[in-house]
Amino acid sequence: MEGIRIIEAGYKEKKRIAVLFGGCSTEYEVSLQSAHAVIENINTDLYERVMIGISKKTGQWYLYEGNIDNIPEDKWLCDGACTPVWVSTDRTVHGICYQGEDGIHAIPLDAAFPVLHGKNGEDGTVQGLLELAAIPVIGCGVLASSVGMDKEFSHRVAAAAGVPVANTVQVTRPYDEAEIRVCAGRLGYPLFVKPVRAGSSFGITRVCREKELFAAIENAFRHDSEVILEEQINGFEVGCAVLGNEELIVGEVDEIELSEGFFNYEEKYTLKTSGIHVPARIPYEKAEEIRHTAAVIYRALKCRDFARIDMFLTPEGKIYFNEVNTIPGFTAHSRYPGMMRETGISFKELIQQLIELEVGA
């Protein structure tokens, strides 16, 4: 390209894989942990790692060339190993650019792995930017990412595919308090108040009585411009990891055991009063039904490469769709890798298979 210097790989047989981490999201810290695990487990004999950190405060993208152990400690932006970069909108570059002393330099990428959680990363925004730049994306594309992030829309899609979902009421500002009270009464207490587009249980409140309702709604509005009231499904949460495109590998079913409350942000990342059982403590036939349901939802939402499907199982054995995580937690101890490990796929093998889905073996 005229005026741009293309930087070729040091080893031409290696394909360049960019790992994106951080981001303008309340789940920034979770992304740092997941990305560190992914970066550590990429096979450097086959691939050249390109680490791209996104500032939580400004949204600036940086090429990071420092110690990877600074990433989970959130010290990566302070060690002087960062170069501001931007995604080239020229599809012949299919990579990132930066300003050098002698002009603009470009680094072509063979694929990008957005290890970003929540808004501005898991919601289709980054996926759209990468697709415009003709950079293959490891993971779900724009449609699945945006619909998966939207609890109300994903429920509609799952219901249309024949999967039961909880009854919900959508709330936008300005709202009529009297009308909301009537709607909440129809759903019944306890119920959940949730931001429509947020992850890691941010802004979610379990409401047991009417006097708690409007404080919970206002709390949810701090995380999104739309809120839903959702009936409580009596049962427990089960999850299923799905890997692949034309042919799917469906991981072992896991089960969330709660001693109190619900699986909120603190419980997800500390397990203080809860536990995760994999495989789930359910009959084989019911686990197979859950695995089949997960695959149905994965196809209906047009997911690609990987996703974790979360559901509820009632005492009567009925399966309800809860949500889809198009970029689930990705540390070696996270639920998605744990479910895949039970099928015989190690963490390193999982990362390898995900990369191969986009760049080939």
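The values are calculated or read from the model by the stated rules, or taken from the named source; none is laboratory data. Bear in mind the structure is a predicted one, so any value in this text is a computation, not a measurement. All Cβ positions, glycine included, derive from the backbone under ideal geometry; neighbour counts span all protein chains shown. Keep in mind that these areas ignore ligands, DNA and RNA; they rest on the heavy atoms of the full protein, side chains included. Shrake-Rupley method; radii C 1.70, N 1.55, O 1.52, S 1.80 Å.
Miscellaneous remarks
- Boolean, residue 216 is within 25 Å of the chain's Cα centre (by Cα), small (Gly, Ala, Ser) and open to solvent by less than 50 Å² (accessible area, probe 1.4 Å): yes
- Meets criteria (surrounded by fewer than 20 Cβ atoms within 10 Å (Cβ to Cβ) and closer than 30 Å to residue 359 by Cβ) for residue 106: no
- The selection criterion, being within 30 Å of residue 323 (Cβ to Cβ) and surrounded by fewer than 21 Cβ atoms within 10 Å (Cβ to Cβ), holds for residue 120.
- Cross-chain or 6+ apart pairs with Cβ under 8 Å, the stretch 105-131 first and within 15 Å of residue 61 (Cβ to Cβ), then among the aromatic types (Phe, Trp, Tyr) and surrounded by fewer than 24 Cβ atoms within 10 Å (Cβ to Cβ): 105/98; 107/98
- Check on residue 98, surrounded by 23 or more Cβ atoms within 10 Å (Cβ to Cβ) and touching a Ser or Thr at 6+ places or on another chain (Cβ under 9 Å): no
- Across the stretch 219-231, the number of residues qualifying as in a loop (DSSP other than H, G, I, E, B), open to solvent by less than 50 Å² (accessible area, probe 1.4 Å) and touching a residue at least 40 places away in the same chain (Cβ under 8 Å) comes to 1.
- Whether a residue is within 16 Å of residue 220 (Cβ to Cβ) and buried (at least 20 other Cβ atoms within 10 Å of the Cβ) was assessed, and residue 191 passes this test.
- Across the stretch 116-162, the number of residues qualifying as assigned to a loop (DSSP other than H, G, I, E, B), under 17 Å from the mean Cα position of the chain (by Cα) and within 17 Å of residue 21 (Cβ to Cβ) comes to 10.
- When the stretch 68-85 is limited to residues that are within 23 Å of residue 100 (Cβ to Cβ) and in a loop (DSSP other than H, G, I, E, B), the one that is most open to solvent (accessible area, probe 1.4 Å) turns out to be 80.
- Scanning the stretch 176-197 for residues that are out of contact with any helix residue (DSSP H, G or I) (no Cβ under 8 Å at 6 or more places or on another chain) and in a loop (DSSP other than H, G, I, E, B) gives 176, 188, 190.
- For the stretch 333-361, the set of residues classified as without any contact (Cβ under 8 Å) to a residue 40 or more places away in the chain and hydrophobic (A, V, I, L, M, F, W, C) consists of 361 only.
- Any hit, the stretch 301-309, residues being touching a Gly at 6+ places or on another chain (Cβ under 9 Å), in a loop (DSSP other than H, G, I, E, B), closer than 25 Å to residue 121 by Cβ and modelled with pLDDT under 95: no
- Condition check for residue 88 on (1) crowded, with 23+ Cβ neighbours inside 10 Å; (2) among the polar types (S, T, N, Q); (3) touching a helix residue (DSSP H, G or I) at 6+ places or on another chain (Cβ under 7 Å): one failure, at (3).
- Of all the criteria given as (1) open to solvent by 50 Å² or more (accessible area, probe 1.4 Å); (2) in a helix (DSSP H, G or I), the one not satisfied by residue 297 is (1).
- Yes/no for residue 312 being within 21 Å of the chain's Cα centre (by Cα), aromatic (Phe, Trp, Tyr) and under 18 Å from residue 34 (Cβ atoms): no
- Scanning the stretch 30-55 for residues that are within 18 Å of the chain's Cα centre (by Cα), at pLDDT 95 or above and assigned to a helix (DSSP H, G or I) yields a count of 9.
- Restricting the stretch 333-354 to residues that are in a loop (DSSP other than H, G, I, E, B) and not hydroxyl-bearing (Ser, Thr, Tyr) leaves a set whose member that is least open to solvent (accessible area, probe 1.4 Å) is 345.
- Unique match (being touching a residue at least 12 places away in the same chain (Cβ under 8 Å), open to solvent by less than 40 Å² (accessible area, probe 1.4 Å) and assigned to a loop (DSSP other than H, G, I, E, B)) among 321, 330: 330
A quick yes/no check of all residues on (1) closer than 28 Å to residue 358 by Cβ; (2) open to solvent by less than 60 Å² (accessible area, probe 1.4 Å):
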{"site": "145", "(1), (2)": "yes, yes"}
{"site": "148", "(1), (2)": "yes, yes"}
{"site": "152", "(1), (2)": "no, yes"}
{"site": "160", "(1), (2)": "no, no"}
{"site": "168", "(1), (2)": "no, yes"}
{"site": "175", "(1), (2)": "no, yes"}
